[in-house]
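Following: one structure in structure tokens, then a few remarks.
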Amino acid sequence: MKKTKVDHYTDKEALEFHSYKKPGKIEISSSKNMTTKRDLALAYSPGVAAPVRAISKNPEAAFDYTSKGNLVAVISNGSAILGMGNLGALASKPVMEGKAVLFKRFADIDSIDLEIDSSDPNEIINSIKNFAPSFGGINLEDIAAPDCFIIEEKLKKILDIPVFHDDQHGTAIITTAALINALDISKKKINQIKVVVNGAGASAMACTNLFKKSGVLQKNIFMIDRKGVIFKGRENLNQWKSEYAINTKYRTLDEAIENADVFLGLSAKGALTKSMVKKMAKNPIIFACANPDPEITPEEVEEVRNDAIIATGRSDYPNQVNNLIGFPYIFRGALDVRSKTINEEMKVAAANAIANLAKEDVPDEVVAAMGGERPHYGKDYIIPSTFDPRLISVIPAAVAKAAIDTGVARIKIKDFDRYKDQLKQRLDPTVTIMQGVNSYIKKKPKKVVFADGEDENMLKAAIAFKNSDLGIPILVGKEDLIKKQIKKIGYNEDFDIKIVNSKDTSKREKYVEYLFKKLQREKGMLERDCDRLIRNDRVIWASCMVACEDADAMVTGNTRRYSASLEKIIKVVDPRPGEIMFGLNLVVNRGKTIFICDTSVIEYPEANQLAEMAKSAARVVRLFGFDPKVAFLSHSTFGEPATDRTKRLSDAVKILKKSKVDFKFDGEMQPDVALEEIYKELYPFSEIVGNSNVLIMPSQHSAAISYKMIKSMSRAKVIGPLLIGLGLPIEIAPLRSSTSEILNLASIAAYSADVIDYKKN
């Protein structure tokens with residue numbers, strides 16, 4: 001079983017991440033426009049009185065007129081924070097905010113974290129009971145046993161919304177899914193297997209319960225705590241552990257493991273030994289889920305037998321038991337049918353949906369997300385990846401159906417195919433896009449030059465590029481200054497990362513020769529002029545590295561204006577033959593993805609240039625997995641009003657029609673006509689009205705103004721600008737780009753280096 005490298009982050013980086021710009025990881029924004037006096041009147045007084053009256057007459061109306069139906073409270077008292085123990089309610093807040101972020105990222109669920117400063121279960125129960133009407137669901141987290149049992153059990157009785165302790169049930173659902181598939185692969189029947197559970201905490205008990213619900217016989221389950229096997233007649237068993245006591249002669253794990261088919265570990269590092277593994281039945285199933293270190297490593301298991309199916313809680317091994325596969329999607333399904341609870345049938349439905357997904361043929365988009373390798377159902381693939389984009393449509397639908405079938409849903413879904421399509425649209429496309437790009441380049445590592453190596457954000461991006469195994473970063477700058485910066489951001493100054501500069505005489509001579517050969521006739525430059533450029537300009541040096549094949553790709557910018565960086569780059573690198581250079585920005589807002597060009601290069605393009613932009617943009621958009629629908633934007637729509645400035649755009653459309661391109665296009669049109677479906681009935685003759693995703697702007701200034709306003713004044717996410725048409729994979733980060741923005745550009749440059757044939761004329 002191959003072990004991959006785990007990303008490493010320093011405490012300082014983590015603290016800076018949590019404090020950057022706005023402290024914390026969540027914020028609240030309005031879902032309605034609040035721009036006019038009328039908007040305010042509708043939102044508050046007097047308009048708000050109407051939904052107030054409606055809800056007072058019918059409490060169920062709160063789902064229709066408030067955020068209740070998509071709002072989950074993430075609650076903890078900090079008594080069992082991750083593996084760190086009882087550190088208090090306030091200390092749990094970063095974890096709970098993180099949970100809220102995951103709800104939003106993976107299932108588009110809004111969450112509010114609430115930390116209750118109490119160790120009294122009854123006080124916690126009363127607190128939650130009193131504020132529960134505000135929420136569509138309650139997620140309990142990091143509450144120590146047995147209090148977590150008491151709190152969840154009582155809340156489920158008194159509340160009419162889902163209450164879910166993820167530490168228990170999330171783990172149980174994922175583990176059960178893994179068990180179903182492991183048994184299928186090993187050809188074992190669930191009602192005949194012997195199961196040993198090492199650990200008797202909340203998660204272990206929940207897993208055992210769901211195992212039994214799925215068909216494992218209680219008499220065949222041996223639960224073990226710190227004192228040994230839980231057996232009938234053992235003294236001092238609490239009410240929860242006593243439910244798992246059976247008649248058995250076994251007293252230790254070493255005894256119980258004899259001929260066991262399944263080992264489930266939710267305990268501690270090293271609890272399962274190689275000698276114990278030897279005693280297990282043929283084709284054993286070993287789920288070593290202790291974190292951060294499993295009860296036994298896959299390598300240790302493989303030393304003594306080769307027939308085992310192994311899962312852990314870690315991301316650096318196959319078959320990760322990760323609650324992230326479960327809780328966002330389970331709540332998504334429950335909320336969408338306004339379920340009153342999350343019952344056992346819904347948990348089983350989720351487990352079966354997860355198990356079945358791993359058995360399905362993996363489509364191409366999932367292959368891209370998983371790194372370019374097509375996983376196949378088998379020993380090393382019994383659980384889907386946490387980043388499998390199909391999870392959002394498969395699990396909620398199964399959970400919702402189970403809720404409807406068992407009578408706990410307030411509303412019914414009539415068309416599940418339509419519902420699944422709606423679920424898919426909830427994912428953040430930028431995350432999916434970069435996930436696919438990053439997974440691809442991990443398999444084909446490229447050398448990427450970070451030209452401004454002394455800049456803190458550029459340096460952080462290079463380190464992240466290295467730590468994430470995206471490729472091989474190369475920093476350009478003074479070694480002593482870069483090492484000081486490395487130390488400043490929390491790493492050892494001897495951190496293993498390549499640093500280059502003009503002190504490398506052999507490289508300098510090679511680059512001078514290359515540049516002189518290119519510029520002596522083209523720009524009338526002397527050899528000493530080229531030498532001066534190479535010595536003194538990091539962008540020139542870095543560009544030469546790529547041009548002379550000492551690196552595969554490059555990212556620069558951040559410390560200077562875009563045009564200044566571009567001016568230097570084009571001294572070294574020409575445009576691709578037959579192509580036009582322009583800037584392309586990928587913008588995502590509220591589930592819609594658009595590409596805007598030209599944002600960076602040509603101030604006022606002519607008709608033929610606009611047409612060529614459209615062709616190149618369409619090609620690039622396809623590389624990102626989108627079907628291009630190109631709109632030429634203007635202040636007019638289809639010639640009304642017609643002006644001298646609109647003629648360039650209509651002429652560009654005519655040029656494309658004669659070119660017989662293989663993508664849909666039209667224009668000229670106003671941006672709302674291009675993007676909003678309400679205009680379809682006004683312009684039925686156009687296939688792209690209302691659904692355009694590539695916007696060709698009439699000029700550079702309008703393009704730059706548009707995307708920067710969108711980025712600054714909305715929640716839109718922007719990748720770019722991407723430099724299209726240059727003869728080598730080089731990207732320029734705008735001034736003051738964040739680390740993640742630079743990292744995205746570096747990844748795209750590496751991706752381009754492999755998927756685009758730059759030598760082709």
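The slack between ASN58 and GLU456, meaning 0.36 nm per residue of separation minus the straight C-alpha distance, is 137.7 nm. Please state the relative contact order of segment 660-761 as a whole percent: Cα pairs under 8 Å, 6+ residues apart? With pairs under 8 Å counted, the relative contact order is 15 percent. Straight-line reach from LYS571: taking Cα to Cα under 22 Å and skipping same-chain neighbours fewer than 8 places apart, the lysines in range are LYS447, LYS503, LYS507, LYS510, LYS517, LYS518, LYS523, LYS759, LYS760. Its residue count N sets the reference 2.2 N^0.38 Å, and the alpha-carbon radius of gyration of segment 582-724 equals 0.95 times that reference. Among HIS376, HIS635, HIS169, the ranking by other beta carbons within 10 Å of each residue's beta carbon, starting with the fewest, stands as HIS376, HIS635, HIS169. Centre-to-centre separation between the Cα atoms of segment 78-123 and those of segment 10-24: 18 Å. With θ taken as phi - 60° and the Karplus curve 6.51 cos²θ - 1.76 cosθ + 1.60 applied, the whole-hertz 3J(HN,Hα) list for segment 498-508 is 6, 10, 10, 6, 6, 5, 6, 4, 5, 5, 4 Hz, x standing for glycine and proline. Each part reduced to its alpha carbon centroid, segment 205-243 and segment 686-761 end up 57 Å apart. Per residue, the chain reaches -13000 deg cm²/dmol at 222 nm when only DSSP H runs of four or more residues are counted, each adding -39500 (n - 2.57). Each residue of segment 59-177 gets 112 Å³ once the volume of the Cα convex hull is shared out per residue.
With a Förster radius of 41 Å applied to the C-beta separation of LYS424 and ALA41, the computed FRET efficiency comes to 0.65.
Considering only Cα atoms, the convex hull volume of segment 437-572 works out to 111 Å³ per residue. With a simple spin-label model that places each label point 7 Å from the Cα along the Cα-to-Cβ direction, the separation between TYR377 and ASP672 comes to 5.1 nm. The Rg/Rh ratio of the chain, with Rg taken over Cα atoms and Rh as the Kirkwood radius over Cα pairs, comes to 1.01. For segment 196-301, the set of GluC sites (Glu not before Pro) satisfying both a DSSP loop assignment and a count of at most 10 other C-beta atoms within 10 Å is given as GLU235. How high is the relative contact order of segment 437-572, in percent, counting Cα pairs under 8 Å that sit 6 or more residues apart? With pairs under 8 Å counted, the relative contact order is 27 percent.
Laboratory data are not the source of any read-out in this text; all were calculated from the coordinates shown. All values derive from a computational prediction rather than experimental measurement. Here Cβ is always computed from backbone atoms with ideal geometry, including for glycine, and neighbour counts include all displayed protein chains.
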